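The values are calculated or read from the model by the stated rules, or taken from the named source; none is laboratory data. Quick caveat: nothing in here was measured; it's all calculated off a predicted structure. Heads up, the Cβs are rebuilt from the backbone with ideal geometry, glycines too, and the neighbour counts pull from every protein chain shown.
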Amino acid sequence: MPDLKIFAGRASEKLAADIAAYIEAADPSWKSGRTKPVLGKVERKNFADGEQYDRPLENVRGDDVFIIQSTVQPDSNFLNLLFLVSTMKFASAARVTAVIPYFGYSRQDRKDKSRAPVNILPLIDALRGVDRVMLLDVHSTPTPDGFMLAGVKVDHLYARPIFLKYLRAKKDELWGSSRGLLLAAPDANAEGLARAYKRALGAQGHILITKERSVEDGKASVITVIGDPKGYDILIVDDMIDSGKTNCNAVDELKARGAERIRSLATHAVLSGNAVERIQQSGLEEVIVTDSIHHSALGTAPPSKITVLSAAHLLGEAILRTHNNASVSSLFDED
């Protein structure tokens, strides 16, 4: 069997190291005396004009290579992913899998007005040379289908087991209002996610928050809440939190309607602009996210209202199962 190798893109070095550490602890072949470290070393530099230069410092011929790279700030980080994929292919890796915890441009997935760009399509097309793609809670539901239509195998992973483990362990602490817990979907697209968490947590129900979004600049404002939140603790669930305005506006509306403690959960902490400050000053009790996107502000001492959960175990296990030709979908059978 080919050796399993992990390589980090520039945006995901910490996550890649954590994934490799999980694999080395969990993989029986490593425990039995394997000689090659799972995490590969890369020489990185930029030329004076900004061109990237990333060169693996070890042989990958015949290896099963997994490149960990979130494409936040995609104009540079997506290129870095493409360059690494190409480099591994030319270095004769047996198989190359792009593990993309956060896939930038996934919000530009449809033509919603005349001449609107669908920028996700050329990105999918550019990845035709990769053998497999792994995505984590991708924003656009059709994205995995786009990869399959491009002839690329794809695994769409879900962060739900990560969050459920945390929420179940702290259930008594996180919600204890007289009426119980309601899940809240910040838009219609997240309603299925809210239902899934409602079932998994045994919550009393779910509500829908509708918002008016400007297609010009993406700004959103809450306009109404469908359902009665009075007396309930609320958990808002979504795939990403960007500026934080949707969540913070939702808190104001929910509090005005009599909601008790309000928390928010999102897989991807994009946290653009002054989002962290906005969250810290809001009425949110807590925002729970994963480390799919690296932020220096969310490092060893994250802000008091932001809890960061590691996706390394889930991604590492999915990588191990892919390497060993085992089921990946069974990771989500019990949540």
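Out of everything in region 177-191 that is in a loop (DSSP other than H, G, I, E, B) and at negative phi, what residue ends up being surrounded by the most Cβ atoms within 10 Å (Cβ to Cβ)? Please lay out each step first, then the result.
Looking only at region 177-191, we keep the residues that are in a loop (DSSP other than H, G, I, E, B), and these are 177-180, 186-187.
Restricting the remaining residues to those that are at negative phi gives 177-179, 186-187.
On the way: Ser177: 15, Ser178: 8, Arg179: 17, Pro186: 25, Asp187: 14.
Per the criteria, the residue is Pro186.
Yes/no matrix, rows are residues, columns are (1) touching an Asp or Glu at 6+ places or on another chain (Cβ under 6 Å); (2) closer than 14 Å to Phe78 by Cβ; (3) polar (S, T, N, Q); (4) assigned to a strand (DSSP E or B):
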{"position": "Leu123", "(1), (2), (3), (4)": "no, yes, no, no"}
{"position": "Leu127", "(1), (2), (3), (4)": "no, yes, no, no"}
{"position": "Thr141", "(1), (2), (3), (4)": "no, no, yes, no"}
{"position": "Pro144", "(1), (2), (3), (4)": "no, no, no, no"}
{"position": "Asp155", "(1), (2), (3), (4)": "no, no, no, yes"}
{"position": "Pro161", "(1), (2), (3), (4)": "yes, no, no, no"}
{"position": "Leu164", "(1), (2), (3), (4)": "yes, no, no, no"}
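Restricting attention to region 108-139, and to residues there that are within 20 Å of the chain's Cα centre (by Cα) and farther than 18 Å from Gln69 by Cα, which single residue is surrounded by the most Cβ atoms within 10 Å (Cβ to Cβ)?
Among those residues, the one meeting the criterion is Asp109.
I'm checking my understanding of the structure. Among residues of region 22-52 that are out of contact with any strand residue (DSSP E or B) (no Cβ under 8 Å at 6 or more places or on another chain) and closer than 14 Å to Glu317 by Cα, which one is modelled with the lowest pLDDT?
Result: Pro28.
Hey, which of the strands (runs of 3 or more DSSP E) in region 240-318, taking only ones fully inside, have at least 3 residues that are touching a residue at least 60 places away in the same chain (Cβ under 8 Å) and buried (at least 24 other Cβ atoms within 10 Å of the Cβ)?
Result: 262-269.
Residues being touching a Pro at 6+ places or on another chain (Cβ under 8 Å) and modelled with pLDDT of 95 or more: count how many of those fall in region 53-106. Give the derivation first.
Of all residues in region 53-106, those touching a Pro at 6+ places or on another chain (Cβ under 8 Å) come to 62-64, 68, 70, 87-88, 91, 94-95, 104-105.
Checking the rest, the ones that are also modelled with pLDDT of 95 or more come to 62-64, 68, 70, 87-88, 91, 94-95.
So the answer is 10.
Yes or no: region 153-176 includes at least one residue that is at pLDDT 85 or above, buried (at least 19 other Cβ atoms within 10 Å of the Cβ) and among the charged types (D, E, K, R).
Yes, some residue in region 153-176 is at pLDDT 85 or above, buried (at least 19 other Cβ atoms within 10 Å of the Cβ) and among the charged types (D, E, K, R).
Within region 11-26, is there a residue that is surrounded by fewer than 20 Cβ atoms within 10 Å (Cβ to Cβ), touching a residue at least 60 places away in the same chain (Cβ under 8 Å) and of a type in the set (Lys, Arg)?
Within region 11-26 (the criterion being surrounded by fewer than 20 Cβ atoms within 10 Å (Cβ to Cβ), touching a residue at least 60 places away in the same chain (Cβ under 8 Å) and of a type in the set (Lys, Arg)), the answer is yes, since at least one residue qualifies.
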